[in-house]
1. For a quick check of your reading: which helices (runs of 4 or more DSSP H) sit entirely within the stretch 1-95 and have at least 2 residues that are polar (S, T, N, Q)?
2. Restricting the stretch 20-46 to residues that are under 15 Å from the mean Cα position of the chain (by Cα) and farther than 14 Å from Leu72 by Cβ, which is surrounded by the fewest Cβ atoms within 10 Å (Cβ to Cβ)?
3. Identify all residues within the stretch 19-58 that are modelled with pLDDT under 95 and among the basic types (Lys, Arg); write none if there are none.
4. Identify the single condition in (1) closer than 18 Å to Val15 by Cβ; (2) surrounded by 16 or more Cβ atoms within 10 Å (Cβ to Cβ); (3) modelled with pLDDT of 90 or more; (4) hydroxyl-bearing (Ser, Thr, Tyr) that Tyr61 does not satisfy, given that it satisfies every other one.
5. Out of (1) touching a strand residue (DSSP E or B) at 6+ places or on another chain (Cβ under 9 Å); (2) under 19 Å from Glu116 (Cα atoms), what's the single condition that is false for Thr56?
6. Can you give me the number of residues within the stretch 110-133 that are within 18 Å of Thr50 (Cα to Cα) and either modelled with pLDDT under 90 or surrounded by 17 or more Cβ atoms within 10 Å (Cβ to Cβ) (or both)?
Amino acid sequence: MEFIKHDDPLAISFVRAVKTGNLDALRRLLNEVPGLASKRAIDNKGGSRTTLHVVTDWPGYYPNGPVIVKMLIDAGADPNGSATGGTFSETPLHWAASSDDVDVAAALIDGGANIEVSGGQLVVATAHHWTMQ
């Protein structure tokens, strides 16, 4: 597993591309940096998160979120990768659910996210209805 510091210019460019929904910039980064989709960002407290956590981070609803999820999974991101450093080991699906981002949650499930995963409090989207599990 490869880590990249949260303040590395690559991480900053990646987060900017995700949060603005800039598909061209994201595509370019994924092409220029093999394995970028499977890297983890590490913060100054030692916690880490996956590239898919960036897409699902609060408040969610980033432009092109579902398309970005698919791009990252196609490029090697693990839809079941957990965040570490917090109280719970939460997957991107946990984070999408906590932001009520149904479209991104659906894209994660379509990409192989496990809705039965333990850790955190998982809320599953069924159409536009959330169910606590």
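The values are calculated or read from the model by the stated rules, or taken from the named source; none is laboratory data. Predicted model, so just to flag it, every value in this text is computed and none were measured. Backbone-built Cβ (ideal geometry, glycine too); neighbour counts: all protein chains shown.
1. Correct list: 9-20, 51-56.
2. Top of the filtered list is Thr20.
3. Selection gives Lys39, Arg40, Lys45, Arg49.
4. (2)
5. Going through (1) touching a strand residue (DSSP E or B) at 6+ places or on another chain (Cβ under 9 Å); (2) under 19 Å from Glu116 (Cα atoms) one by one, Thr56 breaks only (1).
6. Residues flagged as within 18 Å of Thr50 (Cα to Cα) and either modelled with pLDDT under 90 or surrounded by 17 or more Cβ atoms within 10 Å (Cβ to Cβ) (or both) within the stretch 110-133 amount to 8.
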